[in-house]
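The values are calculated or read from the model by the stated rules, or taken from the named source; none is laboratory data. All figures in this text were calculated on a predicted structure; none of them were measured in a lab. Cβ placement follows ideal geometry from the backbone for every residue including glycine, while neighbour counts extend to all protein chains displayed. SASA here: full protein model, heavy atoms, side chains in, ligands and nucleic acids out. Shrake-Rupley method; radii C 1.70, N 1.55, O 1.52, S 1.80 Å.
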Amino acid sequence: MALQGPEELGEQVEEPEDLDDQDASSISPAEEITLPPGPGGEEDAEEALLLPWDRFSAWLHCICVVGFDLELGQAVEVIYPHHSKLSEKEKTSICYLSFPDSNSGCLGDTQFCFRFRQGSNRKSSLGCFLETTDRDAPPCLKREQGHYYGYVYFRQVRDKSLKRGYFQKSLVLISKLPYVTFFHSLLKIMAPEYFEKQEPCLEAACNDIDRWPTPHPGRILTLPIMGVVIKVRIPTSYDKPGTSQLVQSTQGDSLVSIVLPTIHEVDLFRCFYPVFFHIQMLWELVLLGEALVVMAPSPAESSDTVLALVSCISPLRYCSDFRPYFTIHDSEFKEYTTRTQAPPSVILGVTNPFFAKTLQHWPHIIRIGDMKQAGEMAKQMKVKKLKNLKTLDSKPGVYTAYKPYLNKDEEIIKQLQKGVQQKRPSAAQNAILRRYFLELTQSFIIPLERYVASLMPLQKSISPWKSPPQLRPFIQQDFMKTLEKAGPQLTSRLKGDWIGLYRHFLKSPNFDGWFRSRRKEMTQKLEALHLEALCEEDLEKRIQQHTEVETVDLVLKLKDKLSQAEREQLPVRPGTLAKLRAHIEAVILALPEDLQGILHKPSSP
């Protein structure tokens, strides 16, 4: 994160909430960051260097068409662009995950998404460039490292001319980006055209995507695709949580067909409606990384519910595995259904009734009914009835022996129920629920943020001629003591065993992932402050007291510092790296010519 250190010495080095004033004003409102046409700025210079298909690769790995063959079963018929690489294992995963289970009975068009393990450690030639664009993304929108997302548009219609009696085909977008709303909107444009015009239109779509700007956080992007123009804004980690900066329509938008208010958020209220008496308990289960299975009637409902669960702890990133749609053919099926060990920290979305038997030993099972009928269903459902369900039958509900740490918040339930009775628009209900989850997560995470910030050494302890000081260790006991006076009770009305919830959380993958990320940011901050301190020194004066060997050693160390700063994109003040390069050059020029020649040679990789 590009953060600036405090100016005064002796103060704790804490990270500001936003960038400096200039950057903050360039983020809000969203419309202000529209880029001028033509080249301009560092990113534009970088994008000018991109090769054919690089822009496409920044958005998608490939596009697949999966069809049904009577002899072969599901098969990948087409991969676009043709040079895209997929291992046989990846192709098999895509085949099985791109079709609903036969019992789902999905006639017509269905959209859903899945997530699967990347088969091989495939490195992108865009690696460095993508890291730059990823750096400013919020935790939940960063690129997946070891997994791909598959966004599916499946069509099943009666066709008497075919032996099977049905036309069955899926158009699938494979990407590392979790932009679920954006890619589903994209498929709504591409898939109907493809089913009508076949392959030439896929080629045209790929060419359109390869002309798009890269998905850079904070920018408003205008994306033409097959005669339609989509306008979106990629959120940044500096946006205020809970505020979606709506992309405004402007006079120059006469060609824009679709303005997307969000690229990734699912409708939380619609997804949780069948079980909304238990939303707070579900938040705890997701926060703690508990093993959860969602049993739903279709892949669309299964994937939406899993994505809603993962996003309910936002802005905290869910760090365990999750599969929006999981089948018995999945390569991890045995690993995740074995009874010889405790279920792993994973959220699975399933539709096959077979899972009711194979996963009945799992500690937490969510049954989702048909969401199309949810409007009438939830009105008839009593809280008591849900609580008393003990057996796995077809009724929606949450089946678990888990006892929540926090007391139930009746206020949010009443507010949502009132909204149902008054026919409040779904978007308003969704906003209420999203704000509730955000405030709950923030109340929980603020004490942790405050304690971790206190582990940062004082700025006056940073000396340019010593290694940067280390962060103090996270001591659970010390953190727990801070909760008495500065715990979640300051921001949340909820009572309950907050201490027990924190103890459980500190053992979870979500804490591990969050703390690793914070520690990396803070270590980089210390490195950046150390570098800035070095740049303020009069190096030429200092080397007068040094021998040639010591001066050469200093040059090599400074070069290492410079390459580390560039490689890790350390959050240094503007101009720091240029100043360091000038210092290195001045020190080299003070040495004899033979040494100058050696030190001017680029270091070998």
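Just checking, does the stretch 306-317 include any residue being among the charged types (D, E, K, R), open to solvent by 20 Å² or more (accessible area, probe 1.4 Å) and touching a residue at least 12 places away in the same chain (Cβ under 8 Å)? Among the residues of the stretch 306-317, at least one is among the charged types (D, E, K, R), open to solvent by 20 Å² or more (accessible area, probe 1.4 Å) and touching a residue at least 12 places away in the same chain (Cβ under 8 Å), which makes the answer yes. Please determine whether any residue of the stretch 365-379 is at pLDDT 80 or above, in contact with a strand residue (DSSP E or B) (Cβ under 8 Å, 6 or more places away or on another chain), open to solvent by less than 30 Å² (accessible area, probe 1.4 Å) and not hydrophobic (A, V, I, L, M, F, W, C). No, the stretch 365-379 has no match at all. For the stretch 240-269, a tally of residues being modelled with pLDDT under 65, open to solvent by less than 50 Å² (accessible area, probe 1.4 Å) and part of a loop (DSSP other than H, G, I, E, B) returns 2. Against the list (1) open to solvent by 50 Å² or more (accessible area, probe 1.4 Å); (2) more than 34 Å from the chain's Cα centre (by Cα), the condition GLY597 fails is (1). Quickly run through the stretch 142-152 and pick out the residues that are assigned to a strand (DSSP E or B) and open to solvent by 20 Å² or more (accessible area, probe 1.4 Å). Correct list: HIS147 only.
Just for the stretch 477-500: of the residues that are hydrophobic (A, V, I, L, M, F, W, C) and assigned to a helix (DSSP H, G or I), which one is farthest from ASN407 (Cα to Cα)? Across the stretch 477-500, the extreme among qualifying residues is PHE479. Checking the condition surrounded by 17 or more Cβ atoms within 10 Å (Cβ to Cβ), of a type in the set (S, T, N, Q) and under 30 Å from LYS525 (Cα atoms), which residue from GLN470, GLN477, GLN459 passes? Sole residue among the options that is surrounded by 17 or more Cβ atoms within 10 Å (Cβ to Cβ), of a type in the set (S, T, N, Q) and under 30 Å from LYS525 (Cα atoms): GLN459. Being open to solvent by 30 Å² or more (accessible area, probe 1.4 Å), under 30 Å from GLU284 (Cα atoms) and of a type in the set (D, E, K, R): is that true of ASP497 here? Yes, satisfied. Inclusion of GLY487 among residues that are open to solvent by less than 20 Å² (accessible area, probe 1.4 Å), at pLDDT below 90 and either among the hydroxyl-bearing types (Ser, Thr, Tyr) or under 22 Å from LEU287 (Cα atoms) (or both) is warranted.
For the stretch 286-294, the count of residues that are over 20 Å from the mean Cα position of the chain (by Cα) and buried (at least 23 other Cβ atoms within 10 Å of the Cβ) is nonzero.
Comparison of GLU90, GLU71, GLU32 shows that the only residue that is in a helix (DSSP H, G or I), modelled with pLDDT under 90 and on the phi < 0 side of the Ramachandran plot is GLU32. Among the conditions (1) in a helix (DSSP H, G or I); (2) touching a Leu at 6+ places or on another chain (Cβ under 9 Å); (3) open to solvent by 30 Å² or more (accessible area, probe 1.4 Å); (4) assigned by the TED database to the domain that holds ALA590, VAL549 misses just one, which is (2).
Examine the stretch 158-178 for a residue that is open to solvent by 30 Å² or more (accessible area, probe 1.4 Å), of a type in the set (A, V, I, L, M, F, W, C) and over 19 Å from LEU260 (Cα atoms), and state whether such a residue exists. Yes, there is a match, as at least one residue in the stretch 158-178 is open to solvent by 30 Å² or more (accessible area, probe 1.4 Å), of a type in the set (A, V, I, L, M, F, W, C) and over 19 Å from LEU260 (Cα atoms). If you check VAL398, VAL452 for being within 25 Å of the chain's Cα centre (by Cα), of a type outside the set (S, T, N, Q) and assigned by the TED database to the domain that holds THR305, only one passes: VAL452. Taken over the stretch 55-104, the criterion of being over 17 Å from PHE167 (Cβ atoms) and among the aromatic types (Phe, Trp, Tyr) is satisfied by PHE56, TRP59, TYR80, TYR96. Looking at the stretch 519-534, is at least one residue under 25 Å from HIS600 (Cβ atoms), assigned to a helix (DSSP H, G or I), open to solvent by 30 Å² or more (accessible area, probe 1.4 Å) and out of contact with any Ser or Thr (no Cβ under 6 Å at 6 or more places or on another chain)? So far as the stretch 519-534 goes, no, none of its residues is under 25 Å from HIS600 (Cβ atoms), assigned to a helix (DSSP H, G or I), open to solvent by 30 Å² or more (accessible area, probe 1.4 Å) and out of contact with any Ser or Thr (no Cβ under 6 Å at 6 or more places or on another chain).
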